[in-house]
1. For the range 528-652, just run the numbers: alpha carbon Rg, then divide by 2.2 N^0.38 Å, N being how many residues it has.
2. Can you give the angle from 0 to 90° between the axis of helix 403-425 and the longest principal axis of the chain, with both taken from C-alpha atoms, to the nearest 10?
3. Relative to the Cα centre, what is the charge dipole magnitude of the chain, using +1 at the beta carbon of each Lys and Arg, -1 at the beta carbon of each Asp and Glu, and rounding to the nearest 20 debye?
4. Just to confirm my numbers, what's the Cα centroid distance between the range 477-554 and the range 647-662 in Å?
5. Provide the per residue accessible area, probe 1.4 Å, for the range 438-534, rounded to a whole number of square angstrom.
6. Principal axis lengths of the range 542-599 from Cα atoms, whole Å, largest first?
7. Given Gly15, His47, Leu85, which one lies farthest toward the positive end of the charge dipole of the range 1-102, if we put +1 on the Cβ of every Lys and Arg and -1 on the Cβ of every Asp and Glu?
8. Please name whichever of Ala111, Leu383, Ala325 sits farthest to the positive end of the charge dipole of the chain, dipole taken about the Cα centre and charges placed at Cβ: Lys and Arg +1, Asp and Glu -1.
Amino acid sequence: MALTQGTTRTLDSDGRADSRLTEWTLADKRFYTLVQRGRLNDIAYDHGRLLAHPIEEGVFPEILDTVATDTDAGAELERDTLDTLLEAIFARITHDIFSATSAEFRGAVKALEDGYFDGHADPEFRSTDVVTACVAIDAGNIATGISRLMKKPGHSRFAQVANYAAKALLSHRRGRTADNRHASLLADRSAMARAVDSAMSRRQPAGMGCTGFFASADGTADGKALHARTFDGAFFAWNEAPVLHLIDERDTNGAWHPYVATGTAGLIYPGGISGLNDAGIACSLHQMSTVNYATDRRGEGGYDVAPFVQQRILREAGSLDEAVAIAEGARHFASWAIVVSEARTGKALRIEINGREDENGHYDGKVVASTAEPSLVQTNHFLLDGMTETLDFWDDAHFTKTVGKWLETRARRATVTGRLAQLTDNALLDTEEALGLMANHDDAAVGGARRSFGRTVCKAYGLMGSIARTTADRAAGGDAIWFTIGDRLPGPHAAMAGFAIDWSTGSLGPAGDAAAQTVPQPYRAAMEAYVAAFRAYARPTLGGRYLGRRPTEEEMHAIRRNALGHLDRAVDLAEGAGIMDPAFRYIRARLNHEAGRHETGAERTAFLNAAARDWAHLRGLADSHAVPMHAWERALVFLLSAATDHARDAGTEAERDAMIARGRAEIDTVAAAEFPGGQLHQDIKDWRKVAATIAAEGDTDSLPPIDWVTVE
C-alpha cells in the first residue's frame, strides 16, 4: 500500500481563487486534496467547477434521495395530500433555514452552484437541489424534532407545529390546488396535526454515531496533541469522492487563520466535519437530536447551520475562548456539540448548542461550554448541566430516540474513556493507536465483549475517521492531518492517508499511511457483508440510480432478498471462523420476519421459519450465556420470537406467553437498572405496548423499524 500523487489541475484565468486540485491514490482508491486561497465565494466557485463531475458521483445524490424518500408518504397513506404536506413542510424548513443564514453563507452556496454549472456541460442537479443539499443537515434535525413533538398531542407546541405546517402548505406550489383538496386540513388544525404526525412518522432520521476524543501532548508517544473523531452517518457515497481541503481566506481578513479540513466533493462547509488551523485549534462536530429548534419564524436572521459555525471557528479562532465566543455569537437551528482543542494549552472543551424559539417566535437558544481539560471524550449525548436528557421529551434540549441508542452512546463513551486513559497514562497514544480506537469493537455494556456493531465505537455506517496532530510550539511546525479514504466499509477499517501541513507555504505533503488491525480478516469480511446488506436495504438503487421515492412493495421484495443474501454471507463468514456475534443473526431474523409478513403462501412460511431458526439460536445464546448479552437484547429477542411464532402459528399459546413474559421481565430489568428514578425512557413504554399487542393480537404491524446501527 503506497500513497501515490497523480495529476494537479488549476483553473488559471477561468478560476476566481488560487486553487489547486490534486488527485491521489491509496489502496487503489482515488481521493483529492484541494488547496485554495481567496475569498469564500471564490473558493466555493472553484470548488464547484473543479469537482463538478465528482459532485455527481458523491454524496449530493444520496442526500437528495433521502429528502425525496422522507417526503414520500407511501402508497398506503393518502398519497396526494400527505405527499404534498411532507414535501411542503420540508421545502418550508429548507427555505426558512437558508433565508435565515448569513449573506456570506448564502453567497457561498450560490457560488458553488455557479461553479458546478460552469464546470459541467450537462449538470444533473438544479439550483434548488444544491440549496437543499447544503442545508439538509439542520433541516433533518428540525424535521426530527417535529416528528418527536407530534408524539404528544396537546403539548403547547403541538398547535405551533400544525400552524407551521399550514403555512408551509399554503406557500407550496401544490398547496393551493384548483379544487381546494387540502381545504379540510387548512380549516382544522387538529386534522392538520394528525396528518403531520401520520406523515412525519414515516421518516427515518439520519443516524448519529460520531465519536471524538482529545489528548494533550503529555499523554502521547511523540509529544504532539491528538484530536480524533469518527464520522458516522448513512450517506455511504461520501467515500466516492473524499477531499482534503487547505483553505486560506486571509484575503478577506488578515487576522483569520488558514485551516485544513476533511470533506467530500460538494460539501460547502468542509470545516464543519473536522479540521485544524494554523493556531493549533482543532474541531469536530457531533450531531444530537432535539425537540427544541428554531426556524426563524419572525425573520430576524443571524443564523447559520452548525457545520458552518464550526468552519468559522477554524477560520477565526486562535484560542478556546474565541471559539466559544463565535458559537455564542451565532444563532442555531438545532442541537449539536462542537469539540474544540488547543495545541498551545494542551486542553479541549465541548460547546453544547441548542436552537429554540420562545412562544412569540423570538430566538431563545442556548450555548453551554465545558471547562477545558487535557483529555476529553464525546459521543452523541449532551453532558453539561441544563442540556442533559431528563426523559421529559417535550421540554428536553435533547433526547435519544430508543433505549438502544441510550445504551449505545454511553457504551461508546465508556469504551473510549477507559482505553484513552490506559494509553495516555503511559504516554502510549499515537496515530495508529488512535485509529485502532476508532475501529474498536468492544461493547462496554456487556463487559467489553467483542461485537461487530451495535454499542461499538466502529459503526455499521462509519464513513470516515480523521486525526489531527498538533504541536504546542507553533513556530516549530510539525502539524499533520490523517483521514481514512473510503476504500472499504466500515470507514474506520479503510486505509488512512497522512498529510504534513506547511502553514507558511500553504501546502500539503504526504506523511504516510496506516490501516486498523483490530479484528481478524474473516470478521472484517463478515462486517463488510453486513454493511453491504444495510446499504442495500437503506439506500436501494435501480439501474445504478437512487429511487428518489419510497420503493414499491414489489421493489421491496427484491430489496429484502438482496439484503438477506448479504446477511447470509455475514453469518457464514463469521460463524465459519468460530465467531459468535448475535448482531448478524438478530438483524437477519428481523428482516426475515418483515419479509414473511409481506409475502403469502410458501414464501411467507419460508421467511418466517428462517426467522424462527435465528430466534431459537439467539434464545439459546441468551440462556446458556455462551455470548454476553445485555438485558435489552434478551428482552427484544424473546418478544420478537413470540411475534414470529404468532405470525407462523407455531408453538403453543403457553410457550408464546412464556416468551412474552420473559421479554417483559428483561424490560423491567433494564428499567430498574438504567432509569431508577422512575422517569422511564419513552422507548420502554413503547416496547411494553408492543409486548401487550403481541400478547393480545399475535401477528402485529406495531414492530418498530429495523435499526441496523444500534442493532436495537
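The values are calculated or read from the model by the stated rules, or taken from the named source; none is laboratory data. Since the model is a prediction, treat every value here as computed from it, not as a measurement. Glycine also receives a Cβ, built like all others from the backbone with ideal geometry; neighbour counts cover every protein chain displayed. Calculation scope for accessible area: heavy atoms of the full protein, side chains included, ligands and nucleic acids excluded. Shrake-Rupley method; radii C 1.70, N 1.55, O 1.52, S 1.80 Å.
1. With N residues counted in the range 528-652, Rg over 2.2 N^0.38 Å equals 1.10.
2. Orientation of helix 403-425: about 40 degrees from the principal axis.
3. I would put it at about 700 debye.
4. What the calculation gives is 43 Å, centre to centre.
5. Per residue, the range 438-534 has 26 Å² of solvent-accessible surface.
6. So the three principal-axis extents are 40, 27, 13 Å.
7. It is Gly15.
8. Selected residue: Leu383.
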